[in-house]
Amino acid sequence: MEESMMMEEGEVAPALIAIHPVEKSVVVAIGSELRVFDLQEDCASSLVDDSGRPLHMDSIRAISFGADGRLFVSAGDDKLVKIWTTNPWHCIRTVLSEKRVSALAISPDNLFVSFADKFGVVWVVSTEVDDERKDEASPIFAHYCSIITSLEFSPDGRFIVSADRDFKIRVTVFPKRPLSGAHEIQSFCLGHTEWVFVIITIFISTFWHFVICIEKVTGRFSFEFASHSFFAVRFVTCLSFVCTQEYPQGFLLSGSGDSTVRLWDITSGFLLDTCEVGMEAGLLESDDKEETLCPAITDICASPDGSLIAVAIQRQLFMTNPISFFALCSLHGVVLLSCNLSGRTLSITKVVSMGGTFIPTSLAMSSSAEHLWIVTGASNLPALDSPSFARVSVISGLKKHGSDSSDDKPVVLDDNEIPGGSKLLEKLQGSVSISKGEEALAAAAEAVKIAMRNLLIKRQYSVEKRELRKKSRNDRKLKQ
Amino acid sequence: MSENKKVMNKPNKSTGLPRKRFYRARAHSNPLSDSHFPVPLTPSHVDYALHYPQYFQTDHTIADNGDVNNNSTASLHKTQSKKIQFADIGCGFGGLIVSLSTLFPETLMIGMEIRDKVTEYVKERILALRETNPGQYQNISVVRTNSMKYIPNFFEKGQLSKMFFLFPDPHFKEKNHRRRVISPHLLDEYAYTLESGGIIYTITDVEELGEWMKACLEDHPLFEAISEEEFAADPVVKLLTSATEEGQKVARNNGETFTAMFRRISPSDTESGDVL
Ligand SMILES: C[S@@+](CC[C@H](N)C(=O)[O-])C[C@H]1O[C@@H](n2cnc3c(N)ncnc32)[C@H](O)[C@@H]1O
């Protein structure tokens, strides 16, 4: 079954980053570790768990600050959902989940934490400590057996939005008393496409394997390469909201493996605009007609008014000749978009290349959108002397000050210009990765790249295997 | 897809109907496994011209790759007003929609079935009925899909007025209850798909499943049980036991059946805000 294949024990976990809404602190999660740096006090924070339980014991899969920054949540493969106060950093509550946790969110009023497990069930728990059903969460709705990749509350708290690996985005009314379930579906935002690829994998060395993408189609395959593996890349990976005073209900942004960012009206489920990020950012351009390039959107974050949207883009699969594979590997990076809410359109404003080895695994932006915080890294990396690796990078100059702001270009800050400087980096990256030589860093970055790509890929039965399975079914025997 | 090619299934000479033995299928399908049939991107991508050609004339030829054509914009039918209103979920060999077709000749209805051979049979059955009864059976069709995953891809919010779940697979084991087509979570989707006042019909010969379905519906805030009188007056009720292949089998064996009929309601409480 699909879920058992996607979340295996000791599977690589990408590094995550979160920033306090007014940049009071920044958090990196890597493996089972939460690393917090207090930007206000300019020092590393240590975490205290009042609940009498250990901190996380397995890979953290989701972290989030609440809207006002007072609360923070973390959860993942150890099935623990931890609710933290951030001033000081105390774990006020640990909730047990039945299954591994794949996504979570805090309601805008700080009253509830909602999380999704790997069976597609969404749960809710009250943040009030004196709540009677102390450590138990209540299931409120479910996606049918699909892993939920992202959960978000609408800014007004009326809706909870969930995206899954079957390209479905569901908008559910979040009731006043959510513990008894959230049954009323407001809309489905449908339109992200299923991209299916036939892929040949050639192993050259431990770090390099080329993936060749033959065809993208929905429901129709090319059977020429029947003996090779089958993969599909398709799901909605990330959600974010934008809103202004005129549109307090907010509009939803989603990014997906189909290389698009889409803007939705959640009340109706209408698709308002689609930005073909891969195409428009020039990332799909190619002289060789046979190449099909399909960068995935792996994370998205937006300034609350939508004027600035940052998406992490990750080139995943291709292509017809190995030479161009090398050439195109350098195109990972961050693309900046902006959303015109009155016109309801999305457009690309800038492509920021992070260099060949930096594949953003997670993005974060405070409400002032002064800085874009980016992390690349993963835990449980195979074939490295230290199995986890994280690098933090910051882009500033994102916002336009005044109209003729030609010199306000987004720039990737040098390590010593990053807020918090080397102290911050030492905390968030772990001192190990700082002292490493360039070569080791490159190797680690490469491992992250491969790990990230594998996370986006859903293994399926090869054509051969499937045919074999079919033949052994009773209803096929007649045909023989 | 090639497996759906009609090869050796010659129709019965006297009736023109396809013969069921050529479409014998596995008893059960695992609804959790990913299958490979085309799924419409959104409800407006459902190819009505393909399903109901007499109602929807088009200038494009019917695609042979499946029931829905979701990569050509030519098949979008934004302007068409008539929409599917009845859905028979897990329609099996299609007995119910065939009976309903003449009872509600102006209502578009569709059977949804996960097994490809069975779907193919229903398709042939409908084509044969159309052929032998000119002008009739134009309002019914069938699609191969996993209803547990893709209902929102086929129907808009509040589009359906009736949904049928006749003799669904029981999935006895506790750990397989999540595979049941009626479950607390899936009822949210059915409530979304049904118009206010729309009716959900369930029937089974498995007592435990009957109780389960009834309990799920009773506990759901967006459904209410319909009254005895309404039950008695509904012309559809007698079809539940008599129209489908499974129903007939149970009747032949004098098996007991358990029916639950519930109405989609819009609770007047404003607890959840002013939506609906
Ligand atoms: C026991 S049969 C009943 C068929 C028919 N309703 C009748 O009364 O004769 C249940 C049917 O539901 C179909 N089915 C099961 N799960 C399904 C799913 N997820 N989507 C669509 N059909 C499904 C099965 O293939 C089977 O044909």
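Between A:Ser353 and A:Glu41, how high is the FRET efficiency from 1/(1 + (r/R0)^6) when r is the Cβ-Cβ distance and R₀ = 30 Å? Nearest 0.05. Let's see the in-between values first.
Values: r = 34 Å, r/R0 = 1.13.
About 0.35, to the nearest 0.05.
Do any of A:Lys399/A:Lys449; B:Lys149/B:Lys173; A:Lys99/B:Lys175 go past 18 Å between their Cα atoms, and which?
A:Lys399/A:Lys449; B:Lys149/B:Lys173
Taking H as built 1.01 Å from N, whose amide H comes closer than 5 Å to the amide H of A:Phe159, not counting residues under 5 places away?
Amide H to amide H, under 5 Å and 5 or more residues apart or across chains, A:Phe159 pairs with A:Ser154, A:Phe174.
Checking the a/c ratio against 1.5 first, then a/b against b/c, what shape does the Cα gyration tensor give for region B:138-222? Display every interim value, and only then the final one.
Numbers: a/c = 1.68, a/b = 1.40, b/c = 1.19.
In terms of gyration-tensor shape, prolate.
Would you list A:Glu184, A:Glu417, A:Glu370 from the most to the least accessible area, probe 1.4 Å?
Heavy-atom accessible area, descending, gives A:Glu417, A:Glu370, A:Glu184.
So how far apart, in nm, are the two label points at A:Leu271 and A:Asp305 if each is 7 Å from Cα heading toward Cβ?
Taking the two extended label points, one gets 3.0 nm.
Between region B:113-163 and region A:243-281, what is the separation of their alpha carbon centroids in Å?
Between the Cα centre of region B:113-163 and that of region A:243-281, the gap is 33 Å.
Which three extents, in whole angstrom, do the alpha-carbon atoms of region A:47-190 cover along their principal axes, largest first?
42, 29, 25
The values are calculated or read from the model by the stated rules, or taken from the named source; none is laboratory data. Quantities reported herein were computed from a predicted structural model and do not represent experimental measurements. Cβ coordinates were reconstructed from backbone atoms using ideal geometry, including for glycine residues, and neighbour counts include every protein chain displayed. Each accessible area value is taken on the protein alone, full model and side chains, heavy atoms only, with ligands, DNA and RNA left out. Shrake-Rupley method; radii C 1.70, N 1.55, O 1.52, S 1.80 Å.
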